[in-house]
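Since the structure comes first, as structure tokens, the remarks are kept for the end.
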Amino acid sequence: MNRPLIGTIRVVSDKSITHRGVLLAALARGRSVVHDPNPGEDCAATRRAVESLGVMVRCHPDHWIIDGNGLREPEDVLDLGNSGTGLRLLAGALAARPFFAVLTGDSSLRGRPMERIIRPLQAMGARVDAREGMLAPLAVRGAVLRALDFENVTGSAQVKSAVLLAGLGLRQGSVCVREPRPSRDHTERMLAWMGAPLQVSRVGSGDHDLQCHDRGVRDQASLVDAYSVRLDAGAELQGREWRVPGDISAALFVLVAAAITPGSRVTVDGVGLNPTRTGALDVLQRMGARLDIRPDPPAGPEPTGSITIEHGLLRAVDVGGTEVPRLIDEVPILAVAAACAEGVSRFTDVGELRVKESDRVRSTCGLLRALGVHVEEEQEGFGVHGGRGLRGGHVASHGDHRIAMSALVAGCAADGKVTVDSLAMVDTSDPGFLARLAILRGEQP
Ligand code: S3P
């Protein structure tokens, strides 16, 4: 008998926003106070890196106080652990600083593509060196940068952010990033919030419209098909105080767990509803999930709200195209939902998943196969034959937090025990995940 998930919770604070909060506070003048920072290893690595750059960070259990007073050359290599966001954003931020720095990470991060940031940074005049194959460690020696007009074809927010953070060091001209597939805009929101002169342009058809109670949350960005942002030279950031919202990517694990487990009803409060991150909610709505979204009154740079979901029958769905950057981290958990939905779901244009913490096309297909689901793996995507139930099995996480968490969610609805080879990497993003799942299932954490 599968235990239903019942209750109202907050999820862990947003990882992407915490990285940016600590980095931009380090680049700003004056004091910033970041309330509820994400407590995972990835954000701790970014925090330690800015401390090594001479920034004073005082860590309290529920807030970090960061005093921006310029950066200085680090004495040693900066180790960003498993965090692509930390390493790529920092490389951009350091490109115009007058010193030398080496950035590295764990074996997964040292195998991930860095050419995507090295090329545009070099086009700005940055001096960035790397291992064979343009892999980390990266060596960055600060240089005088020039203007750049850049087309972000990968749809990667990390690349866009690296270029914008390099742009903070421009002495003249501007950087412009154009995106045919708009990616998450946390960096832009926070830059504007801290006083940087940004110009954003959006062109859209409005066909991916989050249905929720208050139409006000349907920010312009959810209607966008093409996007560009420009940052002019001479931007100066001012320290600020604000709260990190709950992580919508973390929320999706419990929301899908409830959607696929009979008898469940879960509410997640205080969670980020940035429209550049809510693609997975649109997909669940298309699958017929019983979803209720209620925005909070606006406060701070990011929209938030609460989401309630109940178990219900799901139908197969097609996921692809311009919505992919809006749900890129949620594909593994949406694949679990698809395995429980009637019919064949198709995930296309998700080749970027092959260069995440693991090759997530392969590891997601492996996860579903281990639980008895028929999947078809392709180069740029996969198909899931859903609706025949999940059985117990042993899942290989490939050292990837999102695969391990997706497997545990699948275990909530499977008709046998689901085990995972290692849960160690869950701590990179969400150290409280297991306890939260247990509480919702009425178990001792
Ligand atoms: C992130 C952007 C995404 C996402 C990652 C976090 C960010 O990567 O997969 O988990 O914080 O900017 P890409 O922008 O490279 O797709």
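The values are calculated or read from the model by the stated rules, or taken from the named source; none is laboratory data. Model, not experiment: these values are computed from the prediction. A quick note on method: Cβ atoms are made from the backbone with ideal geometry, for glycine too, and the neighbour counts reach across all protein chains shown. Heavy atoms of the whole protein, side chains included, go into the accessibility calculation; ligands, DNA and RNA do not. Shrake-Rupley method; radii C 1.70, N 1.55, O 1.52, S 1.80 Å.
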- Item | Amide H partners (placed H, <5 Å) of Glu342, local residues excluded | Leu314, Arg315, Ala316
- Message: If the only charges are +1 at each Lys and Arg Cβ and -1 at each Asp and Glu Cβ, what is the size of the charge dipole of segment 295-354 around the Cα centre, to the nearest 20 debye?
- Response: 180 debye
- Note on the structure: Projected convex hull area of segment 15-231, Cα atoms, direction-averaged, in nm², equals 12.2 nm²
- Message: Students often check this: by mean Cβ neighbours within 10 Å, which of 68-75, 12-19, 181-188 ranks highest, and how do the rest follow?
- Response: 12-19, 181-188, 68-75
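Within the chain, what whole-number % of the accessible surface is contributed by carbon and sulfur, with the 1.4 Å probe and all protein chains included in the calculation?
Its accessible area is 48 percent carbon and sulfur atoms.
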- Query: What does the charge count near Ala162 come to, summing +1 for each Lys or Arg and -1 for each Asp or Glu among other residues with Cβ under 11 Å from its Cβ?
  - Reply: +4
- Message: Taking R0 as 45 Å, what FRET efficiency do you get between Thr8 and Glu236 from their Cβ-Cβ distance, rounded to the nearest 0.05?
- Response: 0.60
- Order of exposure, largest accessible area first, which applies to Glu380, Glu132 with probe 1.4 Å: Glu132, Glu380
- Considering amide H positions built from the backbone, and no H for Pro or chain starts, which residues 5 or more places from Ala147, or on another chain, come under 5 Å of its amide H? Ser174
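Restricting things to alpha carbons, find the Rg to Rh ratio for the chain using the Kirkwood radius for Rh.
That ratio equals 0.96.
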- Message: Please give the Cα centre distance for segment 275-334 versus segment 111-177, rounded to the nearest Å.
- Response: 31 Å
- Query: To the nearest 10 square angstrom, how much accessible area does Asp427 have with a 1.4 angstrom probe?
  - Reply: 70 Å²
- Note on the structure: Convex hull around the C-alpha positions of segment 351-398: the volume in Å³ per residue is 57 Å³
- Roughly what angle does helix 41-52 make with the longest principal axis of the chain, taking Cα atoms, 0 to 90 degrees, to the nearest 10? 10 degrees
- Item | Accessible area, probe 1.4 Å, largest first, for residues Ser397, Ser107 | Ser107, Ser397
- Sequence-separation-based contact order of the chain, relative, with Cα cut under 8 Å and 6+ spacing, percent: 16 percent
- Karplus-derived HN-Hα couplings along segment 434-445 (A = 6.51, B = -1.76, C = 1.60, θ = phi - 60°), whole Hz, x at Gly and Pro: 4, 5, 5, 4, 5, 4, 5, 8, x, 9, 6, x
- Query: Where does helix 401-413 land angle-wise versus the long Cα axis of the chain, in degrees 0 to 90, nearest 10?
  - Reply: 20 degrees
- Item | Degrees, to the nearest 10: 248-260 long Cα axis against longest axis of the chain | 0 degrees
- Task: Go ahead and collect, in residue order, the members of segment 363-380 whose backbone nitrogen is under 13 Å from a label point 7 Å along the Cα-Cβ direction of Arg388.
- Result: 369-376
- Task: Express in nm, to one decimal, how much length is gained between Glu73 and Ala438 on full extension, taking 0.36 nm for each residue of separation and deducting their alpha carbon distance.
- Result: 126.9 nm
- Message: Quick check on the chain: helices-only [θ] at 222 nm, where DSSP H runs of length 4 and up contribute -39,500 (n - 2.57) each and the sum goes over total residues. Nearest 500, please.
- Response: -8500 deg cm²/dmol
- List the residues of segment 148-176 whose backbone N lies under 15 Å from a point placed 7 Å from the Cα of Glu115 along the Cα-to-Cβ direction. 153-154
- Task: Using Cα positions and a limit of under 15 Å, work out the aspartates and glutamates in reach of Lys356, with same-chain residues fewer than 8 apart set aside.
- Result: Asp42, Asp106, Glu115, Asp329, Glu330, Glu380, Asp400
- Pairwise Cα inverse-distance average, inverted: Kirkwood Rh of segment 250-383 (Å): 15.2 Å
- Query: For Thr322, Thr278, what's the largest-to-smallest order of accessible area, 1.4 Å probe?
  - Reply: Thr322, Thr278
- Task: Could you state the accessible area per residue of segment 229-272 in Å², with a 1.4 Å probe and every protein chain left in place?
- Result: 29 Å²
- List the relative contact order of segment 336-445 as a percent without decimals, with contacts defined as Cα pairs under 8 Å and 6+ residues apart. 23 percent
- Task: Grab the Cα-Cα distance for Arg362 and Ile65, subtract it from 0.36 nm times how many residues apart they are, and report the gain in nm with one decimal.
- Result: 102.9 nm
- Message: Amide H of Thr419 versus every other amide H placed in the peptide plane: which residues, excluding those fewer than 5 positions away on the same chain, fall under 5 Å?
- Response: Gly393, His394, Val395
